[in-house]
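The values are calculated or read from the model by the stated rules, or taken from the named source; none is laboratory data. This structure is a prediction, so every number in the text was calculated from the model and none was measured. Cβ: placed from backbone, ideal geometry, glycine included. Neighbour counts: every protein chain shown.
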Amino acid sequence: MNKLGLVEALKAQSGLTKNEAVAVVDVFFNEMLKAMARGDRVEIRGLCSFYVKKYKAYTGRNPKTGEPVKIQAKRLPFFKCGKELKERVDH
């Protein structure tokens, strides 16, 4: 399912117009993105959680030349599956 599929499902089940459903989905994802940009954890009980993991700077290697390369510190988004989702998918 993609964003359009989510909009169509919301429209069909809630009776909202397509524009209203698009607005609801956009608000949902925009607020998630804002929270993660601040470093906050986003948790949807029973489904999943999203969080930002911080990595320190380190020295890596260029696989082609073998030369050492400085890797900058970074923050990356992570997804953790909830128990209920695991059970529904693996049955």
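Given the criteria under 19 Å from Leu6 (Cα atoms) and β-branched (Val, Ile, Thr), does Val52 qualify?
Numbers: under 19 Å from Leu6 (Cα atoms): no; β-branched (Val, Ile, Thr): yes.
For Val52, the condition - under 19 Å from Leu6 (Cα atoms) and β-branched (Val, Ile, Thr) - is not met.
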Within segment 68-79, is there a residue that is in contact with an Asp or Glu (Cβ under 9 Å, 6 or more places away or on another chain) and not hydroxyl-bearing (Ser, Thr, Tyr)? no
Mind checking which pairs have a first residue in segment 67-91 that is among the aromatic types (Phe, Trp, Tyr) and a second that is surrounded by fewer than 10 Cβ atoms within 10 Å (Cβ to Cβ), Cβ under 9 Å, 6 or more apart or different chains? Phe78/Lys53
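Restricting attention to segment 31-77, and to residues there that are assigned to a helix (DSSP H, G or I) and either out of contact with any Phe, Trp or Tyr (no Cβ under 9 Å at 6 or more places or on another chain) or among the aromatic types (Phe, Trp, Tyr) (or both), which single residue is surrounded by the most Cβ atoms within 10 Å (Cβ to Cβ)?
Applying the first criterion (assigned to a helix (DSSP H, G or I)) to segment 31-77 yields 31-37.
Right, trim to either out of contact with any Phe, Trp or Tyr (no Cβ under 9 Å at 6 or more places or on another chain) or among the aromatic types (Phe, Trp, Tyr) (or both) and you get 31, 33-34, 37.
Working: Glu31: 11, Leu33: 13, Lys34: 11, Ala37: 11.
Applying the filter and picking the extreme gives Leu33.
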Restricting segment 78-91 to residues that are outside any strand (DSSP E or B) and surrounded by fewer than 11 Cβ atoms within 10 Å (Cβ to Cβ), the residue that is modelled with the lowest pLDDT: His91
Inside segment 1-30, the number of residues satisfying the requirement of being among the hydroxyl-bearing types (Ser, Thr, Tyr) and either within 22 Å of Tyr51 (Cα to Cα) or part of a helix (DSSP H, G or I) (or both) is 1
Need the failing condition index for Lys11 against (1) surrounded by 10 or more Cβ atoms within 10 Å (Cβ to Cβ); (2) in contact (Cβ under 8 Å) with a residue 12 or more places away in the chain; (3) within 23 Å of the chain's Cα centre (by Cα), just the number. (2)
